[in-house]
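The values are calculated or read from the model by the stated rules, or taken from the named source; none is laboratory data. Just so you know, these numbers come straight off a predicted model, no measurement behind them. Quick reminder, even Gly has a Cβ in these numbers, built from the backbone with ideal geometry, and neighbours come from all protein chains shown. Side chains are part of the model used for accessible areas, which takes the heavy atoms of the whole protein and leaves out ligands, DNA and RNA. Shrake-Rupley method; radii C 1.70, N 1.55, O 1.52, S 1.80 Å.
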Amino acid sequence: MTKRDYYEVLGVAKGASADEIKKAYRRLAVEHHPDRGGDEAKFKEVNEAYEVLKDTSKRQRYDQFGHAGVGGAAGDGNPFGGGFGNGQGDMHFDFGDLGLGDILGSFFGGGFGGNGRGRQARGRDVETGIEVTFEQAVFGTEVDLNLNLEDTCEHCSGTTVEPGHELVACDRCKGSGQVTNVTRTIFGNIQQASVCPKCSGAGKIPDVVCSVCRGKGTKAKNQEVKLKIPAGIDDGATIRLREHGEAVANGPKGDLYVNIRVKPHKKFTREGDLILSSEHVHMVDAALGIEIEVETVDGLVSMKVPAGTQSGSDFKLSNHGVPHLKGDTRGAHIVTILVDTPTKMSKEQTELLQKFKELGGNKKGFWR
């Protein structure tokens, strides 16, 4: 399927400023976010476009080469398949300095993961971060997370009630979950309903509170969570594990958000599904041609440098780049050849180069 132009996706001109791109992205991210009933495919498309256009170097490469110049772009969608809310884990797209909480606050009751009136109480969302190596990000890995979280009280199973007893109607709100306050004003009495402070809106309270959690329904506990990091994940991505956050009485757990940071590699850099590196060759080898061993994430690979290669020339090693988050294909490894010119030469070497020059080695067009 042909990808749309990224500027068209965000609805901005090609010469748009960084602020214009950011504002357009924020508006469209809110409009299309699946948790708000938006179109998931459009949301992914908007995120992919922003990931490229917000980065100066990626944007320059995209302007010059189009989609091929950014390796298919970052943010290829949900690495686990099944879309948002599949239970195992979802890719949460990076909103940069906008913050997902800022975007979702308006429709989640004032804060990300917050509980608006009428919504079932749920546990607090938890955010943590891990660092992986460049190779682990390329090929995927599995890590163990050790977290100290509020977990469901085993004694009362989160009900807040001592076993053998039960929940009864709240004597403050009579089971309605709300209390009404009357305020006298110059316009008359104004009634305002609010959540009952005694039962927190549940309408019921324990007949006898749990002797272990004291009616809280939760207890702090060290937990080990296994996290599968998919092959091809990029720096700055966030993985969401549903109901792996903190517990709450009489409700589901919150979600766990794991921010992924990828350690810089001493030799490789990455752009989308492309891996970039450079190799030095002597000017004589560049002139005559040579076969060299190139370091890749798959090990050493032989590559021919043809005669007459100029410094800065790029060569592509297909299928040695980053795996796509969806599908079995991989990007390429781009090798930039840097031709080294000697700075110290013997008298004999100097005489040979001078002889080469006299034989026409410095004529215009000889090296190209």
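Numbers at a glance
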quantity: Verdict on VAL208 being open to solvent by less than 10 Å² (accessible area, probe 1.4 Å), free of Cβ contacts under 8 Å to residues at least 60 places away in the same chain and not small (Gly, Ala, Ser); calculated: no
quantity: Residue match in segment 179-191 (condition: more than 17 Å from ASN250 (Cβ to Cβ) and surrounded by 11 or more Cβ atoms within 10 Å (Cβ to Cβ)); calculated: yes
quantity: Complete set of residues in segment 13-33 that are in a loop (DSSP other than H, G, I, E, B) and surrounded by 19 or more Cβ atoms within 10 Å (Cβ to Cβ); calculated: HIS33
quantity: All positions within segment 34-62 that are touching a Gly at 6+ places or on another chain (Cβ under 7 Å) and not in a loop (DSSP other than H, G, I, E, B); calculated: GLU40, LYS44, ASN47, GLU48, GLU51, ARG61, TYR62
quantity: Test result for VAL138, more than 29 Å from HIS324 (Cβ to Cβ) and modelled with pLDDT of 85 or more; calculated: no
quantity: Tally of residues being surrounded by 13 or more Cβ atoms within 10 Å (Cβ to Cβ) and modelled with pLDDT of 50 or more across segment 112-126; calculated: 6
quantity: Qualifying strands (runs of 3 or more DSSP E) (wholly inside segment 264-325; at least 2 residues being touching a Ser or Thr at 6+ places or on another chain (Cβ under 8 Å), over 30 Å from ILE130 (Cβ atoms) and in contact (Cβ under 8 Å) with a residue 24 or more places away in the chain); calculated: 274-282
quantity: Scope segment 325-342; condition open to solvent by 80 Å² or more (accessible area, probe 1.4 Å) and at pLDDT below 85; matching residues; calculated: LYS326, ASP328
quantity: Residue within segment 224-238 that is open to solvent by 30 Å² or more (accessible area, probe 1.4 Å), in a loop (DSSP other than H, G, I, E, B) and at positive phi present; calculated: no
